[in-house]
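Participant: One structure coming up, written as structure tokens, with questions to follow.
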Amino acid sequence: MTVVLYLCAGMLGLAALLLLARMTMGPTMLDRTVALDVLTAVGICALALEAALHRNTTTLPILLVLTLLGFVGSVSIARFSRGSDDIEAEDSES
């Protein structure tokens, strides 16, 4: 059981590092916002892993709030983005 927990924590940590790299190197705003949304999901998974490890249900409201925040953030960014943010697509249209 301990090996599985360490393996899951290691994979979540690696995913968080890769997402931070994607957020800093992302060429477009949409790439960065998708990386931020997935980073929120990784944080939710880390909190759920901690809740399962300690058999603790007090983190469930925090998980619910983070889930709703991630959903509302993604929908609002998708709603207010101006469409395609692809640099190559803009160059070919000109």
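Participant: Specify which residue in the list V72, L60, A46 is farthest towards the positive end of the charge dipole of the chain, using unit charges on the beta carbon of Lys, Arg (+1) and Asp, Glu (-1), about the Cα centre.
Facilitator: Of the options given, the answer is L60.
Participant: Taking only protein heavy atoms and a 1.4 Å probe, what accessible area per residue, in Å², does the chain have with all protein chains in place?
Facilitator: 75 Å²
Participant: Moving to a separate point now. Can you order the peptides 28-36, 72-80 by their average number of other Cβ atoms within 10 Å per residue, highest first?
Facilitator: Those peptides, ordered most packed to least, come out 28-36, 72-80.
Participant: Using Cα pairs closer than 8 Å and at least 6 residues apart in sequence, work out the relative contact order for the chain, in percent.
Facilitator: So the answer I get is 27 percent.
Participant: For the Cα atoms of the chain, what angle does the longest principal axis make with the long axis of helix 60-80, in degrees from 0 to 90, nearest 10?
Facilitator: 0 degrees
Participant: Now, a different point. Roughly what angle does helix 29-54 make with the longest principal axis of the chain, taking Cα atoms, 0 to 90 degrees, to the nearest 10?
Facilitator: 10 degrees
Participant: In debye, nearest 20: dipole of the chain around its Cα centre with unit charges on the Cβ of K, R (+) and D, E (-)?
Facilitator: Using only the charged Cβ atoms, the result is roughly 600 debye.
Participant: Which angle between 0 and 90 degrees, to the nearest 10, do you get for helix 2-25 versus the longest principal axis of the chain when only C-alpha atoms count?
Facilitator: Roughly 20 degrees, rounded to the nearest 10.
Participant: Give me the percent of the accessible area of the range 2-80 that comes from carbon and sulfur atoms, probe 1.4 Å, all protein chains in place.
Facilitator: Carbon with sulfur: 78 percent of the solvent-accessible area.
Participant: Also, I was wondering about something else. Can you pull the Kirkwood radius for the chain, inverse mean 1/r over Cα pairs, to one decimal in Å?
Facilitator: 15.2 Å
The values are calculated or read from the model by the stated rules, or taken from the named source; none is laboratory data. From a predicted model like this one, the values you see are computed outputs, not experimental measurements. Quick reminder, even Gly has a Cβ in these numbers, built from the backbone with ideal geometry, and neighbours come from all protein chains shown. We work out accessible area using only protein heavy atoms, side chains counted, and drop any ligands, DNA or RNA first. Shrake-Rupley method; radii C 1.70, N 1.55, O 1.52, S 1.80 Å.
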